Every structure is written in C-alpha cells, then in structure tokens.
1. Which count do you get for residues in the stretch 105-143 that are β-branched (Val, Ile, Thr) and buried (at least 19 other Cβ atoms within 10 Å of the Cβ)?
2. Given the residues 102, 155, which is the only one that is surrounded by fewer than 19 Cβ atoms within 10 Å (Cβ to Cβ), modelled with pLDDT of 65 or more and either in a helix (DSSP H, G or I) or touching a helix residue (DSSP H, G or I) at 6+ places or on another chain (Cβ under 7 Å) (or both)?
3. Inspect the stretch 14-32 for any residue being touching a helix residue (DSSP H, G or I) at 6+ places or on another chain (Cβ under 9 Å), at pLDDT below 85 and in the same structural domain as residue 136 (by TED's automatic domain parsing) and give the result as yes or no.
4. Can you pull out every residue in the stretch 106-159 that is within 15 Å of the chain's Cα centre (by Cα), basic (Lys, Arg) and more than 12 Å from residue 91 (Cβ to Cβ)?
Amino acid sequence: MENKFYTVDQVSEMVNIHSKTVRKYIREGKLRATKMGKQWRITGHDLSLFMENKTNVIPENSHEVTDNFFKLDGSSNTNNNKISVSTVIDIIVDNKDEAERISNTLIAVMNSKDPQYGKSTINVQYIERSCKLRVMLWGTIHFIETLLSCISVLIDEKD
C-alpha cells in the first residue's frame, strides 16, 4: 500500500492553519512527522489522527460536526467499531452559494444520521481562493459510504 506524504505547507493549506503552527504542533508532539533531509513530511494516516484529536483548533471558515454515540459507561452503542476510515474530498464549486448548499446538506445528513454509524466526524471548509469545498470525513465504513453517496448525488444535481 502506497503511503502519501505531505509537506508542512501542504498540511497548512489543507487544514487552513499557518505553517508555523503546523511546525509547532510537530515540535510539541501533537502531529507526528518524519524528517526527510531538512524537511518534515507527514503521512496521510498521521494527518488523519491529528485531525481526529479534539484539542486541535478548527479554522474560522470551516464547520465541524462530531457525533459520539457512547453510553455513560464508556461502551459503544455500535457493534461495528473495529474499523475507522478517514478521507478528504475536494469539490470544485462555481461559487460560495454552491459550497454552502453542499456543506449545509452534508451537515444536515450528519446531524440526522443513523446511530448504527457510531462515532463519526465531518469537517467542511470552503477555500475561496481556489473555489474549492474541502470535506474531511472520519468514521465507520458505512458512514463514509453513505456520505460519499450523498456527495455524489449533490454533485450530480448541479450538472
């Protein structure tokens, strides 16, 4: 399996935080990274783990919705918590209104999702300079599948 590596600048752009802040997180051990020559490289897996950490600062122009279905005793309400999946989807949009339509729909789907999907997270960010909507998803395979299907329908609607 090929492991994708990201530079500090790429991570900075993806999560919309300053590159100095990314380096600070690396120094503090909040973000795992590997030194290759004089440059830091971050794996996609380590970036996903970093984004799942609740202590991270979420950028101002993004929306995050997290839903944890745990009982008070700490056990999960779902039987399918052995596999966790994360993905980043970049959607080229025509304008901010289209980005808001897509993100509002995805957040509504997240807020009304079936409890069988267990612990899951969605982070939606509009990147104005490149007319891009970045959607970051974490959760069970079935949750990711459902949200990807929803995104596919939303994108097909615009054509």
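1. Counting residues in the stretch 105-143 that are β-branched (Val, Ile, Thr) and buried (at least 19 other Cβ atoms within 10 Å of the Cβ) gives 5.
2. 155
3. no
4. Across the stretch 106-159, the qualifying residue is only 119.
The values are calculated or read from the model by the stated rules, or taken from the named source; none is laboratory data. All figures in this text were calculated on a predicted structure; none of them were measured in a lab. For neighbour counting, all protein chains shown are included, and Cβ atoms are generated from backbone atoms with ideal geometry for every residue, glycine included.
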